[in-house]
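The values are calculated or read from the model by the stated rules, or taken from the named source; none is laboratory data. Here the structure is a predicted model, which means the values were calculated and not measured. All Cβ positions, even for glycine, are placed from backbone atoms using ideal geometry, and neighbour counts span all protein chains on display. We work out accessible area using only protein heavy atoms, side chains counted, and drop any ligands, DNA or RNA first. Shrake-Rupley method; radii C 1.70, N 1.55, O 1.52, S 1.80 Å.
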Amino acid sequence: MAPVQRRIKINDRRGAASETDLLARLAGAPERGEFSLVYQRQVAPDGVTLVGVETLLRWDCPTKGAMAPEMFIPLAERHHAIAPITRWVLDRAMAETAEFENLQVGFNASAVEFTDPAFVSEISALIAARRFDPSRLEIEVTETAILADAEVVHRNMDGLHALGVRIALDDFGAGYSSLNHLRLFPFDTLKIDKAFVDECSHSPQSAALINAVVGLGKALGMKVVAEGVEIEQQLTFLRLAGVDALQGYLFGKAIPAERLKYALEQPAQRLR
Ligand code: C2E
Ligand code: CA
Ligand code: CA
């Protein structure tokens, strides 16, 4: 027994050391030019008309190579180091998409940020500095920590709305989802998680759930977006279900702003 325990302890220490190391590298990543942004298109139910983009962060770590966001975003969240990342993403996304007038730009924030009383003023200052049209922005958040301090969360959501920024509930249906959150918090958009979309064209249960979620979202006055659409049958089903917009590899993977510019020049991808 004893040797096993010792081995676990050593591994734990190594794990903690590499986490600290990664966190330190992450903190300096923007200054070293290791962060970049890509944009995934959202299209209307016709499958071609561009209605907006979601901004996704990429980190090219010199020692570990390209790191998936899932490898470093949760780490930053755990160590309260997410706010500078969100600010960097928003600022850069505004700079890179400024020229694409009327294009809706979504970006991700962490639920914990919605419990920070300084959140809205920081976002507001960034938008003002770029003179960006706030009605073009949509902030995406998952419900994980949203009830941690419901009063502050609500105040922040009202503050974002007062600025003119829209708010989307991300990954709806993945893991823990509560209908009560839809009633309690003023979301503008509901993003149906890929897990439901994956099954919708062949599972009657998933199909029924999507129909119910679309109906619910619409009844509450929300825009409904389906994520992770990969095949034509899913598009056909989701169009009939009445979603307002779709996103997924069927319409393209996330691309850098230069390529987005090119895509926007193509007649089939014109803005609505
Ligand atoms: P998300 O917000 O749900 O973003 C969608 C993810 O699904 C993206 O992965 C995207 O590339 C992927 N995806 C989109 N369409 C399809 C599809 O049809 N099939 C499949 N298999 N995948 C698809 P990505 O870029 O690796 O991001 C993963 C997650 O990392 C995001 O999930 C989001 O939670 C987080 N993330 C990314 N960028 C940021 C950021 O700037 N800030 C924060 N806080 N989180 C971020
Ligand atoms: Ca998202
Ligand atoms: Ca999502």
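A few comments on the model shown:
- Taking the criterion of being farther than 26 Å from residue 127 by Cβ and either touching a helix residue (DSSP H, G or I) at 6+ places or on another chain (Cβ under 6 Å) or away from ligand 2 (no atom under 16 Å from the Cβ) (or both), the residues of the range 154-179 that qualify are 173, 174, 176, 178, 179.
- Residue satisfying all of: in the range 203-256; more than 23 Å from residue 167 (Cα to Cα) and free of Cβ contacts under 8 Å to residues at least 12 places away in the same chain; nearest to the chain's Cα centre (by Cα) among these: 206
- For the range 57-72, residues that are of a type in the set (A, V, I, L, M), within 16 Å of ligand 3 (Cβ to nearest atom) and open to solvent by 40 Å² or more (accessible area, probe 1.4 Å) total 1.
- Scope the range 223-249; condition closer than 13 Å to residue 198 by Cα, assigned to a loop (DSSP other than H, G, I, E, B) and open to solvent by less than 60 Å² (accessible area, probe 1.4 Å); matching residues: 227, 228, 229, 248
- The set of residues in the range 182-202 being open to solvent by less than 20 Å² (accessible area, probe 1.4 Å) and away from ligand 2 (no atom under 16 Å from the Cβ) consists of 182, 185, 200.
- The one condition in (1) under 17 Å from residue 40 (Cβ atoms); (2) exposed (fewer than 14 other Cβ atoms within 10 Å of the Cβ); (3) of a type outside the set (Ser, Thr, Tyr) that residue 264 fails to fulfil: (2)
- Residue ranges of helices (runs of 4 or more DSSP H) in the range 165-222 with at least 3 members more than 16 Å from ligand 3 (Cβ to nearest atom) and under 22 Å from residue 154 (Cα atoms): 179-184, 204-219
- Candidates in the range 154-184 are the residues that are farther than 21 Å from residue 55 by Cβ and within 16 Å of ligand 1 (Cβ to nearest atom); of these, the one that is modelled with the highest pLDDT is 173.
- Residue that is acidic (Asp, Glu) and buried (at least 21 other Cβ atoms within 10 Å of the Cβ), where the choices are 122, 99, 54, 77: 54
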